[in-house]
Amino acid sequence: MISVRDVAVTFMRGTPNEMQALRGVTLSLAQEEFVTVIGSNGAGKSTLLNAIAGDVSVTAGTISIDDKDTTLQGAHGRAPHVARVFQDPMAGTCGSLSIEENLALAARRGQRRTMRSALRTSEKATFRERLAKLGLGLERRLEDRVGLLSGGQRQAVSLLMATLAPSRILLLDEHSAALDPQASATVLSLTDQFVRELKLTTLMITHSMRDALAYGNRIVMLHQGRIIFEASGAEKAKLQVPDLLERFAKLGSTAADNDRLLLN
Amino acid sequence: MDGSFATGAAVAAALISGGHNPWLASLTALAVGALCGLATAVLNRRFGMLHLLAGILTTIALFSIDLRIMGRPNVPLIAESTVLTPFEALGFSDAVTRAAVAGIAAIVVATLLAIFLLSERGLAMRATGANPRMARANGVDVDRNIYIGLAMSNGLVGLAGALFAQFAGFADVGVGTGTIIFGLAAVILGETLFPTRRIPVVLIACVFGSILYRLVVGLALNLQILGLRSSDLRLVTALLVAVAFVVSQKRGALRRKAGPAVLRVSSKEGAPS
């Protein structure tokens, strides 16, 4: 179980540019829960995710994984528990390494890295099998540089990498936003498939209200660094895009003016 | 780089002329080189100094340290016993002995490097260089890898300096100048000749690149027709690196493959620290 308690994050503290990205967020995710997070630009979605991953240090509050306080741990210290896929397909994979090298690197997340050969014949079969599940024909291109793949393919590989080693939570940071609609749909359905099959606890940030409603069993709406609305189970299932729009409209101009959010 | 090379030469020369075992002297040069690398890494990671500046600063400091180590700007090793001495006793000509010893050293180092780079730890280090954010997300301790990487590379440069001093028969505070350009030239030429990413081949490419570079420079300076003098060395070096870079870049564009990764300015994945 992941629990975020009263977490606040302030950037550039003590300067005129001080920015309160999170102002006391409390959120806990039970085992196998799939939570989607929506909110306008600057609502603190990415900051929340980066705080859980350990990329951003919190100003106040605690973050614990399985009742162990990880607030002070850095990103690589939390890596045994946290898997993530970034928004930018370039960020989650290493373009100058081959597909199999990327997968081998990710498969060893959370383990001690040894002087044993990084690429083992025994693992290649597993990699091929998992790549085949993506349905993109990548299982025949194990030795190709990831830099030769399209954005959608890279993101699918990122997603696969995040699921190779066990994790307590999978963090998805608008991971389909930078892709064309078709690739985006592919990556999202793969995500749903992986989360179900591997029973992953997942936190997915999205700009698309439709996706936020279509996936997961709980929805969280962030606004100006606070959680302003939550729904889960049957209540979430009943929600429609207009319901969410209405909630955003109530927040006043700051949220409703957000074109990107409305057009989605 | 320039600093660790001269320091390696200085340490080896000081120890050998002081009557110490040349093998021990060479290993000490490796260790001291590694310490120089760590100094750069500390400035960069611990204190957040730009990597290039950290490297330049270490290099400048090492110039003075070299003078302290040697006690004077130049130490001759002609009369001393070096790592070459036991091989010279075998009775082959000087040229053959030197080439053989240098070749053995290159093979040993390249083999060890290949084993390392192909291992899990080596893969983590390569990822650290290419995409630190992705490496961190996969549980790689990026800082530690940068410390180890800089220590390893500068240690090897220190060893190279030690061997150079013993081959040349002297150590001088100036021997390190241009090492970094020479290293880049070797890598770029190697990448141009063998456009591959397979680690063993990449290492072989570097070795051949460095031999080729020396040959071309030697040829250019010795060809009477070109009218070059030995003082033109640096100009020839710079032109060679520039030409090799442009050629590999053009070829990269034609094949939609990346050119030499070492020196491209705008990399989408963030520069290695």
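Annotations for the structure displayed:
- Taking other residues whose beta carbon is less than 10 angstrom from the beta carbon of residue A:158, and scoring Lys, Arg as +1 and Asp, Glu as -1, yields +1.
- Links that overshoot a 26 Å alpha carbon limit, given the list A:133/A:199; A:45/A:236; A:45/A:238; A:199/A:238; A:68/A:133: A:68/A:133
- Derived scalar couplings between HN and Hα for segment A:91-105 equal 6, x, 10, 10, x, 8, 9, 6, 4, 5, 5, 4, 5, 5, 5 Hz in order, rounded to whole Hz, by the Karplus curve 6.51 cos²θ - 1.76 cosθ + 1.60 (θ = phi - 60°), x for Gly and Pro.
- Cα-based shape type of segment B:1-146, given that a ≥ b ≥ c are square roots of the gyration tensor eigenvalues and the cut on a/c is 1.5: oblate
- Residue-normalised accessible area of segment B:124-241, expressed per residue, 1.4 Å probe, Å²: 47
- Less than 5 angstrom separates the built amide H of residue A:61 from those of A:8, all sequence-distant by 5 or more or on a different chain.
- Relative contact order of chain A, defined on C-alpha pairs under 8 angstrom at six or more residues apart (%): 26
- Over chain B, DSSP H runs of length four or greater, each weighted -39,500 (n - 2.57), average out per residue to a 222 nm ellipticity of -23500 deg cm²/dmol.
- Computed E for residue B:221/residue B:50 - FRET, C-beta separation, R0 41 angstrom, nearest 0.05: 0.70
- Distance in nm between pseudo-label sites at residue A:62 and residue B:90 (7 Å out along the Cβ direction from Cα): 6.7
- Cα gyration tensor shape of segment B:104-237, rounded if a/c is under 1.5, else prolate or oblate by comparing a/b with b/c: prolate
- Computed over neighbours whose Cβ is under 14 Å from that of residue B:116, the net charge equals +3, Lys and Arg +1, Asp and Glu -1.
- Shown in residue order for segment A:2-17 are the 3J(HN,Hα) couplings computed by the Karplus curve 6.51 cos²θ - 1.76 cosθ + 1.60 at θ = phi - 60°: 9, 9, 10, 10, 6, 7, 10, 10, 10, 8, 6, 4, x, 10, x, 8 Hz (x for Gly and Pro).
- The trypsin sites (Lys or Arg not before Pro) found in segment A:182-246 that occupy coil by DSSP, while having at most 14 further C-beta atoms within 10 Å, are A:199.
- Gyration tensor verdict on segment A:32-124 (Cα atoms; rounded if a/c is under 1.5, prolate if a/b is larger than b/c, oblate otherwise): prolate
- Straightening the chain between residue B:207 and residue B:105 buys 35.6 nm, computed as 0.36 nm per residue apart minus the Cα-Cα spacing.
- For segment A:1-80, GluC sites (Glu not before Pro) meeting the loop criterion (DSSP other than H, G, I, E, B) and having at most 13 other Cβ atoms within 10 Å: A:18, A:32.
- Helices in chain B that qualify as membrane-span-like (whole DSSP H runs, Cα extent of at least 24 Å along the helix axis, mean Kyte-Doolittle hydropathy of 1.6 or higher) are B:94-118, B:199-222.
- Whole-number percent relative contact order across chain B, with pairs defined as alpha carbons under 8 Å at least 6 apart: 28
- Chains B and A together bury roughly 2600 Å² of accessible area, counting both sides, with a 1.4 Å probe on protein heavy atoms only.
- When the chymotrypsin sites (Phe, Trp or Tyr not before Pro) in segment B:1-73 are filtered for DSSP coil states and for at most 12 other beta-carbon atoms within 10 Å of their beta-carbon, the remaining sites are B:47.
- With θ taken as phi - 60° and the Karplus curve 6.51 cos²θ - 1.76 cosθ + 1.60 applied, the whole-hertz 3J(HN,Hα) list for segment A:113-128 is 8, 10, 8, 5, 4, 6, 9, 10, 4, 4, 7, 4, 4, 4, 4, 4 Hz, x standing for glycine and proline.
- Residues with amide H under 5 Å from that of residue A:87, placed H, sequence gap 5 or more: A:173
- Loop-exposed trypsin sites (Lys or Arg not before Pro) per DSSP, neighbour cap 15 Cβ within 10 angstrom, longest uninterrupted part of chain B: B:1-197
- Summing Cβ point charges (Lys, Arg +1; Asp, Glu -1) relative to the Cα centre of chain B gives a dipole of roughly 1200 debye.
- Environment charge at residue A:129 (Cβ cut-off 12 Å; Lys +1, Arg +1, Asp -1, Glu -1): +2
- Note on chain A: helix-only mean residue ellipticity at 222 nm, from DSSP H runs of 4+ residues weighted -39500 (n - 2.57) and normalised by residue number, equals -11000 deg cm²/dmol.
- By DSSP, the beta bridges lying fully in the protein assembly as shown are antiparallel in about 60 percent of cases.
- For segment A:26-76, with +1 on Lys and Arg beta carbons and -1 on Asp and Glu, the positive-most of A:54, A:30, A:64 along the dipole: A:54
The values are calculated or read from the model by the stated rules, or taken from the named source; none is laboratory data. In this text the structure is predicted, and so the values were computed from the model without any measurement. Here the Cβ is made from the backbone with ideal geometry for all residues, glycine too, and neighbour counts use every protein chain on show. SASA here: full protein model, heavy atoms, side chains in, ligands and nucleic acids out. Shrake-Rupley method; radii C 1.70, N 1.55, O 1.52, S 1.80 Å.
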